[in-house]
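**Q** Shown below is the structure under consideration.
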Amino acid sequence: MDVHVDRDRCLGAGMCALTAPQVFDQDEEEGLVVLLDARPPQERHAAVRVAAGVCPASVITLTRHGSSPAS
């Protein structure tokens with residue numbers, strides 16, 4: 001799984017960082033998403049999918065290696 005975020009559209013709600021803290025964080029200045037791991041290991045995929053689903057701005061895009069976006 002590849003993870004992409006669109007910081008330009010991020011609202012800073014922090015749901016991603018709360019749901020998958022090993023993969024997402026928030027910057028200290030604006031509270032916007034920071035991607036810590038663009039290719040998380042298999043054991044974190046479920047949490048990353050949940051984080052993408054609860055993001056109020058839908059800024060997290062998930063892709064499988066070699067496929068189109070499937071957020």
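**Q** Using only Cα atoms and rounding to the nearest 10 degrees, what angle (0 to 90) does helix 45-54 make with the longest principal axis of the chain?
**A** On a 0 to 90 degree scale, this one is about 50.
**Q** Still on this structure, I have one more. In nm, give the distance between the simple-model label positions of Thr61 and Arg9, each being 7 Å from the Cα along the Cα-to-Cβ direction.
**A** Output for this residue pair reads 0.8 nm.
**Q** Let me ask something else. Can you tally the net charge around Val48? Count Lys and Arg as +1, Asp and Glu as -1, for every other residue whose Cβ sits under 11 Å from the Cβ of Val48.
**A** Working: positive: Arg39, Arg44, Arg49; negative: Asp2, Asp37, Glu43.
The answer is 0.
**Q** Under 12 Å from the Cβ of Ile60, count the other residues' Cβ atoms, weight Lys and Arg +1, Asp and Glu -1, and hand me the total.
**A** +1
**Q** Can you check what the net charge comes to around Thr19, using other residues whose Cβ is under 15 Å from the Cβ of Thr19 (Lys, Arg +1; Asp, Glu -1)?
**A** Net of charged neighbours comes to -1.
**Q** Using helices alone, I'd like the mean residue ellipticity at 222 nm for the chain: each DSSP H run of four-plus residues gives -39500 (n - 2.57), total over residue count, nearest 500.
**A** -5500 deg cm²/dmol
**Q** Here's another thing I want to ask about it. What part of the accessible area of the chain, given as a whole %, is carbon or sulfur when the probe is 1.4 angstrom?
**A** 48 percent
**Q** Under the rule of at least 5 residues apart or a separate chain, name every residue whose amide H is placed under 5 Å from the amide H of Ala57.
**A** Leu11
**Q** Still on this model: Quick one, which of (i) 1.25; (ii) 1.19; (iii) 0.99 is the actual Cα Rg over 2.2 N^0.38 Å calculated for this model?
**A** This structure yields the entry labelled (iii).
**Q** Averaged per residue, what accessible surface does the chain expose to a 1.4 Å probe, in Å²?
**A** Heavy-atom accessible area per residue stands at 62 Å².
The values are calculated or read from the model by the stated rules, or taken from the named source; none is laboratory data. As the structure is a computational prediction, the values presented were derived from the model and not from experiment. Cβ sites come from the backbone with ideal geometry, for glycine too, and all protein chains shown count toward neighbours. These area figures cover heavy atoms from the full protein model, side chains too; ligands, DNA and RNA do not enter into them. Shrake-Rupley method; radii C 1.70, N 1.55, O 1.52, S 1.80 Å.
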